[in-house]
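Note sheet for the following structure.
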Amino acid sequence: MLETNSSVAMAFGLEANRRPYPPILLVGFRFPPYTQSMDNERIREICLALPNTAETLNWGHVLVYWVGDRAIGGKMFALTNADGMDVPVLSFHCGAERYHELLENEGVYPAPHLARAHWVALEHWNALRPREIENELARAHALIHEKLPKRTKAVLALPDKERAKVVRDRMKQLAAAEKAKIS
């Protein structure tokens, strides 16, 4: 006698046809054209295609991808090494639900300094399939966007020109505060 998928799922205490995590849907979002290999340029295309994403170069050689601009209270959701050769090659936020599941993959380990916030790091580009990396980055973006303060979400909801003006004004304020602190 063959067991159906639902009876197998019930035998393991799972609900039939239920994913272990809810799918994250971004309305109107499309990934850039699919390629076989993953590298920094591909990660950059994927991250910058997500809504309200900013990129900075921090700590000398680390590309940081932010949901919203850092100046208006944005938060980072992914990191890559600019040269693409150092370990880890990619770190990203995955949430508490996916954290332990991802750590079961060879080449995936807790991200240095960020593991307590449920970030994982990839030792090499082949640790996950390219499509999985794309999905995980979209999920990381959505999870971090949910955690943004109301004020930051309000700025991100502004039209592009108004948002750019708010960011410029905030950058000027930060520069003036830094200049006053040095003096």
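Among the listed residues Arg18, Arg44, Arg30, which satisfies the condition of being within 15 Å of Ala138 (Cα to Cα) and either hydroxyl-bearing (Ser, Thr, Tyr) or modelled with pLDDT under 85 (or both)?
Matching residue, one of Arg18, Arg44, Arg30: Arg30.
Exactly one of these conditions fails for Leu50: (1) surrounded by fewer than 21 Cβ atoms within 10 Å (Cβ to Cβ); (2) among the hydrophobic types (A, V, I, L, M, F, W, C); (3) at pLDDT 90 or above; (4) touching a Ser or Thr at 6+ places or on another chain (Cβ under 8 Å). Give me its number.
Answer for Leu50: the failing condition is (4).
Taking Arg139, is it surrounded by 12 or more Cβ atoms within 10 Å (Cβ to Cβ), of a type in the set (Lys, Arg) and under 13 Å from the mean Cα position of the chain (by Cα)? Even if it seems obvious, please write down each step before you answer.
Working: surrounded by 12 or more Cβ atoms within 10 Å (Cβ to Cβ): yes; of a type in the set (Lys, Arg): yes; under 13 Å from the mean Cα position of the chain (by Cα): yes.
Considered against the rule, which asks whether it is surrounded by 12 or more Cβ atoms within 10 Å (Cβ to Cβ), of a type in the set (Lys, Arg) and under 13 Å from the mean Cα position of the chain (by Cα), Arg139 comes out as yes.
For region 131-156, give me each residue that is more than 25 Å from Glu45 (Cβ to Cβ) and either in a loop (DSSP other than H, G, I, E, B) or in contact with a Cys (Cβ under 7 Å, 6 or more places away or on another chain) (or both).
Scanning region 131-156 gives a single hit, Pro149.
Restricting to region 111-166, what's the tally of residues that are at pLDDT 90 or above and of a type in the set (Val, Ile, Thr)?
3
The values are calculated or read from the model by the stated rules, or taken from the named source; none is laboratory data. All values derive from a computational prediction rather than experimental measurement. We place every Cβ from the backbone using ideal geometry, glycine too, and count neighbours over all the protein chains shown.
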